[in-house]
1. Just want to confirm a number: the relative contact order over chain B, from Cα pairs under 8 angstrom separated by 6+ residues, in percent.
2. Among residues other than B:Met381 whose Cβ falls under 15 Å from its Cβ, what is the net charge (Lys/Arg +1, Asp/Glu -1)?
3. Taking a threshold of 32 Å on the Cα-Cα distance, which of the pairs A:Lys152/B:Lys428; A:Lys128/B:Lys222; B:Lys222/B:Lys423; A:Lys102/A:Lys172; A:Lys106/A:Lys152 fall above it?
4. At a Cα cut-off below 29 Å, give the lysines reachable from A:Lys284, other chains included and same-chain residues fewer than 8 away excluded.
5. Rounded to the nearest 20 Debye, what is the dipole magnitude of segment A:214-306 about its Cα centre when Lys and Arg each give +1 and Asp and Glu each give -1 at the C-beta?
6. To test your reading of the geometry: what angle, between 0 and 90 degrees and rounded to tens, separates the Cα axis of helix A:165-180 from the longest principal axis of chain A?
7. Under 5 Å between amide hydrogens, which residues at least 5 positions from B:Ser78 or on another chain qualify, with H placed 1.01 Å from N in the peptide plane?
8. If R₀ is 51 angstrom, what is the calculated FRET efficiency for the pair B:Val22 and B:Lys435, using the beta carbon separation as r and rounding to 0.05?
Amino acid sequence: MTNLLEVQHASKRFGSFTALHDVSIQVPQGSIFGLLGPNGAGKTTLIRIVNQITLPDQGAVYLDGEPLHKEHIKDIGYLPEERGLYKSMKVGEQALYLAQLKGLSKKEAKERLKYWFDKFEITHWWNKKIQELSKGMAQKVQFIVTVLHRPKLLIFDEPFSGFDPINANIIKDEILQLRDEGATVIFSTHRMESVEELCDHIALINKSKKILEGKVSDIKREFKTNTYEVGLIAENNDALFAELTDKFDVGPADFKTIDDQLKLKITLDKNTPSNEFLGFLSSKAQVMRFNEVIPTVNEIFIKTITENE
Amino acid sequence: MSNLKLIIQREFIARVRNRTFVVMTFLSPLIMVGMISLITWLATLNNDEVREIAYFDETGMFAKDFKDSENIDYVDYSQLTLNDAKDSVIIKKLYGLLYIPKKQSNKELAESIQFYAEEAPNVGVLSSIEKIIAAKITNQNFESKGLDLSTIENAKAQVNISIENFSGEKTSKITNYVKMFFGGAAGYFLMMFIIIYGNMVMRSVIEEKANRIIEIIISSVKPLQLMMGKILGTSFAGILQFIIWVILGGVLLTVGVVFLGIDVDQSNMQDALKVVEETQGVTMANFAEVLVEINKLPLGALVLAFFVYFVGGYFLYSSIYAAIGAAVDSETDSQQFMLPIILPLMLGIYVGFFSVIENPHGTVSTVFSMIPLTSPIVMLMRIPFGVNWWEVVISIFLLFGSIIFMIWLAGKIYRVGILMYGKKPSYKELFKWLKY
């Protein structure tokens, strides 16, 4: 898989403050890439460098194999976290203006806007001023403007803030569809559930440094601890519990059941295959539940950040 | 279409569509014309008032000289006693009583004339009375020394020094007034334009920050491009507004003159000229000379210079305005940065109205017409008086050099500032931004 975007050893300082220190990321073509990190970690600076809003002090950025240059602006669609529109300008005019700034002709922009406005059923907003719209409504217009010029790379900074769940879902589906049509998406957010749902690659930035990057499945594999969640019914739960605690690293588990089960989280050492363990369990009790505990992105996020403190 | 053009277009339309802009464009000339009419009307109202003045002349010398004038009617109370005269002035509510006592000599007389009035009398009225009495006494003095009045009249010489420069062009005092007027008007106009439209540029930058649209825009265009687009778009809106003002003002004045019967050409112009005549010694006949002098000015060069300095001054200042707009979050915060704009502008105007008029080619005038921040105003005021071409070239060179520098500097502050929220920066911080 080729990388659409590569950032190599990017550093940026503002006076005495280091916003980015030697950060490299690789965003594969056609992926949805989650850029994660606590507030002030340097995500926005990195995104601004990719958008050529800020120049890096050191390092280089390649888009589609070429060093970043002015014409690349048209290949990128960016929805910043701090976003808004001209309050006193009409929706249609404003969308046309922003589309033309991205290099679309007026005619082309009009046609594509019509398509999107129909799709979102907002055609009747065309002559309204932004100040007459609600925040969520304005966000829809912003989303359209971001994707209208069919960029290769889409960058969304907290795209779901300000949307109600229904509209957030619509936007999520649109993002997935754009990905299926060939766009690559970078996603910067704090909302881990949407990362879990959408991203196939992530990079974690903390205190101006990248501390983790890769395919979500690879990272999860790396972070999993060979822990299993089990639900058991034995003749004597207490005796079984004592035996298991003796042999393995056992912790409590919590899940809903209809009958009385012994609910445990058991961590095996790396070399024990799951089958062997399952065999052992089934010889002792009725196994009602047996599943591997895979860390969530949220858990990985918190673990990595706290370990780095 | 190029992005710069798009931005200019959007800025222009946004300015022009703004409700305040529309209201100001069409209301200002109305207000101006209304004010002028009101002042003119009030002035005529005041002038029409005829004051009745009684005189009690014990000498009997002046009866023939007190002739009713436009504003003063004279009543002779010399037949009454002084006290009766005073009483009847009060009862009849006359303006005042002039008391001329009988004295031994004219010298004594000149010092003992009194004017009784309820309120402090108008200075103009008093001085016209003084003139009459002084003329009479002077003439009497001449006669008593045996001098013939008509001989004296003939002996008076009228002097009018005509000024000519070494290349043989004739000038006169009027030329200087005309030059002063043209230079002053141009300088003042430039200052107003800079303040009004520079502020508009600043407000438009702040608006983009406040609306949070700025980051969306600058992911498409370079900050410098956006800044230049704003400055240009706003200036076009400004030029349009001024053109409308000039046309509307002209039309309204004409309408006012024709329909409302405000006799601008006749009475007011004459009044105005009379004032000039009295204070400056310019006679009515010279009015035609004014027109001739205007024609004599190097109008082509003036217009060209005006255009160059106008563009230069506006760009220099509006880039500072744009940088200030980028540095702050709201208009109230911008106050602390206004000093570097207002100070040189005021300095330019003061130097222009005091030093340049006093001595257009003096050191002060020359220096300030070279310093870029004041040169647009000061040089514009100097040019009608004739400035060496190389001085103008140096001044323009310095001006445009510093415009490039200023735009670069403002652009640096701008590109950092527009992405800063919730901070009230100090000058020190702005300086740091230059290094980002």
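Every read-out reported here was derived from the displayed coordinates using simple, explicitly stated rules and does not represent laboratory data. Values in this document were obtained by computation on a predicted structure and should not be read as measured data. Note that we place each Cβ from the backbone using ideal geometry, even for glycine, and neighbour counts take in every protein chain shown.
1. 18 percent
2. Cβ neighbours under 15 Å give a net charge of 0.
3. A:Lys152/B:Lys428, as the Cα separations exceed 32 Å there.
4. Qualifying lysines at Cα under 29 Å: A:Lys224, A:Lys247, A:Lys256, A:Lys263, A:Lys265, A:Lys270.
5. Taking the Cα centre of segment A:214-306 as origin, the dipole is about 440 debye.
6. Once rounded, one gets 80 degrees.
7. B:Asp57
8. The value I calculate is 0.75.
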